Each structure stands twice: as structure tokens, then as C-alpha cells.
Amino acid sequence: MMMNSTWGIIATWRMAFDGINAATTRLQREESAETAVIEAVKMVEDYPFYKSVGYGGLPNEEGVVELDAAFMHGTTMAVGAVASIQDIANPIMLAQRLSQERFNSFMVGEGAKAWALANGFEQKTMLTERAQQHYEKKCRETIDQGLSPYSGHDTVGICAVDLKGDICVGTSTSGLFMKRPGRVGDSPLSGSGFYADSDVGAATATGLGEDLMKGCVSYEIVRRMGEGMSPQQAAESTVNDLEAKLIKRYGRAGDLSVVCINKSGDFGAATNIDNFSFSVATAKHEPTIYICRREGKQTKYEVASPEWLDAYQARITAPIV
Ligand code: GLY
């Protein structure tokens, strides 16, 4: 068994912070990166006010919540994933379970749900009243004001390294709000939404799946770290290179945000938007929420202020009018 002198965990968005806090205790007492990741993702999935992940996630254009999730173990290279799954309580647990299967480790839709129910996973109505209200509001805006129906794709992605040297990553999302039934983004796709290699590190992405997939960003970040880049260099250069290529060849680039960590517990984050937040804790770094902004081609981040945190909580719980 490899041993490591350090631990660390990093996640996309502020919504993962409570899970990062809980994971800190786990990793300090030598629990596995796998447990830390799964338990932290579950906390986000279970919180009804996070409208882009799990219970309370926003529905597709037919008002149905379809969820995607994945788990990768960077030592064994095991990957499990689910896509377009309906009414299963914790998609991340299903992804973790599927990662133990030699065959059929990436399942979608009805087949995934039937397998989950046959294997003891909890059935739960994942559409909340609040998500239904968001849906009705978006339908009105789309029809009355001609606004784009597509917004909101804040995937939770969490990478962790533990004291044994194992590195894992997990993702979970309800995907693009108002997506077509059956649409799947980057989050359950190995290499795009996530990647982990315990010899190097792990990375995960959030943003517009259709564009993140074009660059296999998570694999690319891990590859660059493996070639000697720091996590920050790897994250930033990957986002910048993909954005430039998309603009040149495709005419536009959607939101691209990433976080990563290496086996030494050094971390990086990069984005092409303002107000991307991430949550991180390592053996050398207390649990912290950072807010990113872009200056030129550089991602700068600062600790979230109490005002920012208050405004965030007020925003996610505000009545829907
Ligand atoms: N990044 C999540 C999605 O596009 O579905």
C-alpha cells in the first residue's frame, strides 16, 4: 500500500463546502478519499436548495428531473457512471457501486433505474415543489420574453487525495436546465467531467457540458500535471487553450470552470467566468471558500467575504416570483 504524507480535497462551487468540512475530519483520521468524496457529494445531492444537483435539481423541458453522476478511483482506475436517471436518491452512490462492476459500469435511463432498484437503491421523487416553480417560471420567460431556456449547469465535482495516496473524484448534476429529455453533458463522461490518477492527481469540471466535452478537460489537466505542470498551471492553460480553440474554430465558448489537486495536495482552479466559487481543504490549508475572477487570461481568487456568503444563502433560498 502506498503511503502519502498529506491529504486534500477540492470541489467546484460553494455548495460543496459543508461536505468539504465533513471530509476534512474524515481525511485527517485516515479515512479513504473514496469515502470522503462520496459522502461530500451526497450532502450536496440531499440539500434541496441546490438546484443543479440531486434532490431539488432542475428538470428537463418536460418537467422531469434527469440526473447524471460519476465516480473514479485513481488507483484502480475503476469508473462508474449513470446518466439520465430518474428518481433514485443518490446518483453518486449508484455510480460508485457501478465502478465495482467489470461490465455495464456506465448505465443510462430506464436500464440504470431498473438495475438500481433491483440492487437496493432508494427510490425518491427528486422533483421538489421549488424546482417545479423554477420550471414554471422558466417556461413563462421562454414563451413571454423569448429568453433562452438554457441556463444553470453547476455540477458538483469533488477530488480528494488521502493519507494512503489514493486519489478519487466524483461528480453529480441535474445537467442543463430545460435540456431535451435524454441530453447528457460532460459530468458522467470520464476524461471530460472528471479524471483521477493516483500517480498524479485529479481534476473535475463544471460549465457547459457540450463545450467541456470538446476538450476532454479533466483528462487534459491530469495529463499536464503528469508532465510537470503545477495544478494551477495545468488548470489555467487547459481552460485558456480550450476557450481559444473553441472561439477560433467553433465561433464561441460556453462557461468552462475546473478544479484540480495533485498527490502533494497542491491545488488549482481556473475559469472563463466571473463568480465561479470553489471549496478546498488540505493538510496545509483550512477549509475555505474562494471566489474566482478572471484578469486577462489569469484566474485570480479571493476568500469569500461574509457579505458574499450571506447574499448567496439569501439568493438560493429566496421565494420564486
Ligand atoms: N456540466 C454539466 C452539464 O453540462 O451537464
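Does any residue of the stretch 34-46 turn out to be under 23 Å from Thr173 (Cα atoms) and in contact with a Leu (Cβ under 6 Å, 6 or more places away or on another chain)? Within the stretch 34-46 (the criterion being under 23 Å from Thr173 (Cα atoms) and in contact with a Leu (Cβ under 6 Å, 6 or more places away or on another chain)), the answer is yes, since at least one residue qualifies. Screening Ile320, Ile273, Ile247 for residues that are out of contact with any helix residue (DSSP H, G or I) (no Cβ under 7 Å at 6 or more places or on another chain), of a type in the set (Val, Ile, Thr), farther than 23 Å from Ala22 by Cβ and open to solvent by less than 50 Å² (accessible area, probe 1.4 Å) leaves exactly one candidate, Ile273. Residue pairs whose Cβ atoms lie under 8 Å apart, separated by 6 or more positions or on different chains, with the first residue in the stretch 46-61 and of a type in the set (Lys, Arg) and the second open to solvent by 70 Å² or more (accessible area, probe 1.4 Å), do not occur. Scanning the stretch 110-130 for residues that are surrounded by 12 or more Cβ atoms within 10 Å (Cβ to Cβ) and farther than 29 Å from Phe49 by Cβ returns Gly111, Trp115. Scanning the stretch 305-321 for residues that are part of a helix (DSSP H, G or I), of a type in the set (A, V, I, L, M) and free of Cβ contacts under 8 Å to residues at least 40 places away in the same chain yields Ala311, Ala314.
The values are calculated or read from the model by the stated rules, or taken from the named source; none is laboratory data. Computed from a predicted structure; not experimentally measured. In this analysis, Cβ positions are derived from the backbone assuming ideal geometry, glycine residues included, and neighbour counts consider all displayed protein chains. Just so you know, the surface numbers come from the protein's heavy atoms only, side chains and all, with ligands and any DNA or RNA stripped out. Shrake-Rupley method; radii C 1.70, N 1.55, O 1.52, S 1.80 Å.
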